[in-house]
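The values are calculated or read from the model by the stated rules, or taken from the named source; none is laboratory data. Please read all numbers here as calculations on a predicted model, not as lab measurements. A quick note on method: Cβ atoms are made from the backbone with ideal geometry, for glycine too, and the neighbour counts reach across all protein chains shown. Please note that ligands, DNA and RNA were not included when accessible areas were found on the heavy atoms of the full protein model with its side chains. Shrake-Rupley method; radii C 1.70, N 1.55, O 1.52, S 1.80 Å.
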Amino acid sequence: MEVTQVLLNAQSIDGTVRKNAEESLKQFQEQNLPGFLLSLSGELTNEEKPVETRKLAGLILKNALDAKEEHRKFELVQRWLSLDGNAKSQIKASLLTTLSSIVSDARSTASQAIAKVAGIELPQKQWPELIGSLLSNVNQQPAHAKQATLETLGYLCEEVPPNVIDQDQVNKILTAVVQGMSASEVNTDVRLAATRALYNAIGFAQANFINDMERDYLMRVVCEATLSPESRIRQAAFECLVSISSTYYEKLAAYIQDIFNITVKAVREDEEPVALQAIEFWSSICDEEIDILEEFGVDFTGDSDITCFYFIKQALPALVPMLLETLLKQEEDQDQDEGAWNIAMAGGTCLGLVARTVGDDIVPFVVPFIEENIQKPDWRQREAATYAFGSILEGPSPEKLIPLVNVALNFMLSALTKDPSSHVKDTTAWALGRIFEFLHGSAVGSTVITQENCQQLVTVLLQSMNDTPNVAEKACGALYFLAQGYEEVGPSSPLTPFFQEIVQSLLTVTHREDAGESRLRTAAYETLNEVVRCSTDETAPLVLQLVPVIMMELHNTLEGQNLSSDGREKQSELQGLLCGCLQVIIQKLGSSEPTKYVLMQFADQVMGLFLRVFACRSATVHEEAMLAIGALAYATGPDFAKYMPEFYRYLEMGLQNFEEYQVCAVTVGVVGDICRALEEKIVPYCDGIMTQLLKNLSSNQLNRSVKPPIFSCFGDIALAVGEYFEKYLMWAMSALQRAAELSTHVAGDDELTEYTNSLRNGILEAYSGIFQGFKSSAKTQLLIPYAPHILQFLDGIYMEKDMDDVVMKTAIGVLGDLADTLGSHAGSLIQQSLSSKDFLNECLSSEDLMIKESAEWAKLAISRAISV
């Protein structure tokens, strides 16, 4: 197979030629992997071949070693590891040779491929000579090879976990990188590659950051690089500082003054990409201090592993003026562009983080800027003042902010309708939304909204919904938070008199010709949902009138035939929004008997619409329609059984959807809703559902986040069908046992601990449902053999001391369920268990009322079981 020609064809503008080439590459890969990879590495390293085929060969080679999906990645890694040793050595040798190629694309692709191989082999203790040979390359090669080698070291640090490389080699890598960064290095490309490599290597430098001399040296080199004449190097050096600030916050005190000086200079004078990273440094310090202060708790009773150095508080007098200056550097069209990010936005974001870090202390530094600029003729000054005001509304206390808001509110409302600049209107609507989000609602003692100004607020916001899409979208957002603040106001809401008008205005917005711009249509539906969700009984008749309106809208989306793919996507997005809206309406009306009765008259038609949406077969709709059906099932109760024959196949399709795992997770949740609605009427469908759920658990292709809800779902099914669950008991219990063993003795990062806790909670919810389901049946003895293992599991998680409150509540509940269902059979086992007593006592003295309540119930059940 002449691989060069096939690689050229794979980039042809002729679709057929391209498709055939891709097919033959795929075939080659499947039939003869070693030959395939060897010919790609041969192509990449061959200086006579065209640049574009070398680059593509390297990319295909790299992609044959890695994939985004976990199961696919695992497969590719195993394939590489089982390749013939000679083939692997040849491929690796070709890749290393390519690092000194004169073609930069070939070098760069080889760098990435080497790092992918290293990511597979180094953890397996293979290719031990790699780092040594890269380091010797750095010292004796022409500049272009030196650059490629440093780039490779950078990628390698990205691919390989820090614990895999021993400290001696880490020191050598850092030495090579720092030499490449130093001002004595004349070649810009080498310095840039070295600076980017350091960025990836920062996580490896723990031991070096503990050592004062080494740390001083590293910090000096990075700070010097921020002054390089080449802007890409300055940008990369600031990126290193950002990474250092979050990784080694507690080591920064000695350098913070110097860093402040260089960041100020960069923000004021440098090109935007550099200035953005300089601002990012301070945002990162805010993030660190917010985390530390949250762990301490307000009154320092909590504990944090790290001391807070209050860098932001000390820098306020100089930092805030610098950030306020950036707000005046807006771009003309930033409001229309969703992905816009520029120095003014970065400065405002950082100002918001500073406000959250220091609270009230920021206010006196910002108010003079607002007063000075808010009425200036230049729109930039008015917009910057408004942006500054909106940015500091989260963090300082209501006592400090409410007097300011009371002064500003009328001015803002008139700016929103009368300011000639669309920029100012956009930011004003956003700032109003922030006022309602943080300073309005039952949690805030005094409120900025009174009976007197409520009508004016609503009138102005509804008027702004006719403005340009970006302003209208922000006005919807403000109304969203206005409604949310009235969520728990009792029988009557100040918004009641305007309810009809608000709903009508929002529906009108969804029909605007330009509602596709600035997320306007989505924002209008989200706000409509919130207005409905937070409405009171007084407006229930009006919510009922909304049902046929939204049904009609959904019906209209089903009429469009032969749509283009773009049209199909838009149709599917609109169906998703409408199903979401119906879900909220169903939940609202289903929560009280009188309205539920009226709602049920629409149930057949609504369900019919949802089934037609499924028949359009698109994943996003699937998800929203599925959630809406869950809400309908919950409201309908046992009568929902009549929809099951037609709905069941879509339920099964959802459970089989591994690709879009969120859809799968949502469907698992809906199975739970249906179990609660149907109870024993779900029995005819249980075989299919349980088979699919067990299949999902044993699959390594399904994203792990779906597994905890599947276990909870076992509990929902057992609770619904009672002793009928006997036929699945053995399978379910053995799956639970395997997962329970995996979820104890887990040491890992925060993300893993969080997942482990959600897994434990799912397992415990399953046990709880199974015990409660069997409780009043004659077959409780079937559960006795599983009790010792369950108690062992409870011991295990208690001993590890890393469960969160949710797991604690579920776990103590399971201990109670076990005693309650098994009675005297459980009594002696509980008495023998290692930690039940300690665990119970700890829960009884918990400050969390939910845990305490569960524990008191469990104590009662256990004492009954023991006294029998």
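Summing +1 for each Lys or Arg and -1 for each Asp or Glu, what net charge is found among the other residues whose Cβ lies under 14 Å from the Cβ of residue 743?
-3
How would 307, 226 line up by accessible area, probe 1.4 Å, largest first?
Values: 307 85, 226 5 Å².
Ranking 307, 226 by accessible area, largest first, yields 307, 226.
Tell me the relative contact order for the range 343-413 as a rounded percent, counting alpha carbon contacts under 8 Å between residues six or more apart.
Over the range 343-413, the number comes to 39 percent.
How high is the FRET efficiency between residue 789 and residue 662 when r is their beta carbon distance and R₀ equals 30 Å, given to the nearest 0.05?
That gives a FRET efficiency of 0.40.
To the nearest 20 Debye, how big is the dipole of the range 397-535 about its Cα centre, given +1 on the beta carbon of each Lys and Arg and -1 on that of each Asp and Glu? Each step should come with its number before you reach the end.
Numbers: 9 positive and 15 negative charges, 26 e Å.
I would put it at about 120 debye.
For residue 83 and residue 570, compute 0.36 nm times the residue count separating them, minus their Cα-Cα distance, and round to one decimal in nm.
Taking 0.36 nm per residue and subtracting the Cα distance, the gain is 170.7 nm.
Once fully extended, how much extra length lies between residue 271 and residue 511, figured as 0.36 nm per residue of separation less the alpha-carbon to alpha-carbon distance?
82.2 nm
Which GluC sites (Glu not before Pro) does the range 542-620 hold that lie in a coil by DSSP with at most 15 other beta carbons within 10 Å? Walk me through the intermediate numbers first.
Details: sites: 553, 559, 569, 573; in loops: 559.
When the GluC sites (Glu not before Pro) of the range 542-620 are filtered for loop state and at most 15 Cβ neighbours within 10 Å, 559 remain.
Determine the dipole magnitude for the chain: charges of +1 sit on the beta-carbon of Lys and Arg, -1 on that of Asp and Glu, nothing else is charged, the reference point is the Cα centre, and the result goes in debye to the nearest 20. Spell out each step's value before the answer.
Details: 66 positive and 117 negative charges, 358 e Å.
With Lys and Arg at +1 and Asp and Glu at -1, about 1720 debye.
Less than 9 Å Cβ to Cβ from residue 855, Lys/Arg counted +1 and Asp/Glu -1: what total charge do the surrounding residues give?
That sum, taken over residues with Cβ under 9 Å, equals 0.
How many angstrom lie between the Cα centre of the range 780-832 and the Cα centre of the range 147-179?
Between the Cα centre of the range 780-832 and that of the range 147-179, the gap is 48 Å.
Students often get this wrong, so check it: of 62/88; 26/695; 146/172; 88/125, which have C-alpha atoms separated by over 19 Å?
26/695
Mind giving me the nanometre distance, one decimal, between the label points for residue 447 and residue 562, set 7 Å out from Cα along Cα→Cβ?
Each label point lies 7 Å from its Cα, and together they span 5.5 nm.
Suppose the chain between residue 737 and residue 27 were pulled fully straight at 0.36 nm per residue; how much longer would it get relative to their current alpha carbon spacing?
Full-extension gain reported as 251.4 nm.
Leaving ligands, DNA and RNA out of it, work out the accessible area of residue 555 with a 1.4 Å probe and give it in Å² to the nearest 10.
Taking all protein chains as shown, residue 555 has close to 60 Å².
Which pairs in the list 329/425; 92/116; 55/92; 73/116; 400/425; 68/116 are over 20 Å apart, alpha-carbon to alpha-carbon?
Table pairs above 20 Å Cα-Cα are 400/425.
With an 8 Å cut-off on Cα pairs and a minimum separation of 6 or more residues, tell me the relative contact order of the range 397-535 in percent. Please report the intermediate quantities before stating the final value.
Working: 159 pairs, mean separation 34.2, N = 139.
The normalised contact order for the range 397-535 reaches 25 percent.
Which distance in Å, rounded to a whole number, links the C-alpha centroids of the range 251-284 and the range 542-582?
Their Cα centres are 49 Å away from one another.
Restricting to Cα pairs below 8 Å that are 6+ residues apart, what does the relative contact order work out to for the chain? Please round to a whole percent.
About 5 percent, as a whole number.
Considering only protein heavy atoms, what is the solvent-accessible area of residue 227 at a probe of 1.4 Å, reported in Å² to the nearest 10?
Solvent-accessible area, nearest 10 Å²: 110 Å².
Taking the Cα centre of each part, how many Å lie between the range 482-517 and the range 69-136?
Cα centroid to Cα centroid, the span is 58 Å.
Excluding same-chain residues fewer than 8 positions from residue 418, which lysines have a Cα within less than 22 Å of its Cα?
Partners within reach: 376, 474.
In straight Cα distance, which lysines are under 30 Å from residue 859, not counting same-chain residues fewer than 8 positions off?
775, 779, 801, 809, 837
Once ligands and nucleic acids are excluded and a 1.4 Å probe is used, how much of residue 66 is accessible, expressed in Å² to the nearest 10?
40
Please arrange 742, 328 by accessible surface area, largest first, computed with a 1.4 Å probe and ligands excluded.
I get 742, 328, largest accessible area first.
Roll a 1.4 angstrom probe over the protein heavy atoms and tell me the percent of accessible area of the range 397-535 that is carbon or sulfur.
52
Roughly what would the spin-label model give for residue 169 and residue 781, points 7 Å off Cα along C-beta, in nm?
If labels sit at residue 169 and residue 781, their model points lie 6.2 nm apart.
Using the Cβ atoms and a cut-off under 13 Å, what net charge is assigned to the surroundings of residue 370, where Lys and Arg are +1 and Asp and Glu are -1?
Here the count lands on -1.
Could you tell me the calculated FRET efficiency between residue 852 and residue 802, based on Cβ-Cβ distance and R0 = 30 angstrom, to the nearest 0.05?
Working: r = 21 Å, r/R0 = 0.69.
Between residue 852 and residue 802 the formula returns 0.90.
Taking the Cβ-Cβ separation of residue 231 and residue 141 as r and a Förster radius of 35 Å, what is the calculated FRET efficiency to the nearest 0.05?
For R0 = 35 Å, the calculated efficiency reads 0.85.
For 260, 281, give the ranking by accessible area with the largest first, probe 1.4 Å.
The residues order as 260, 281, largest area first.
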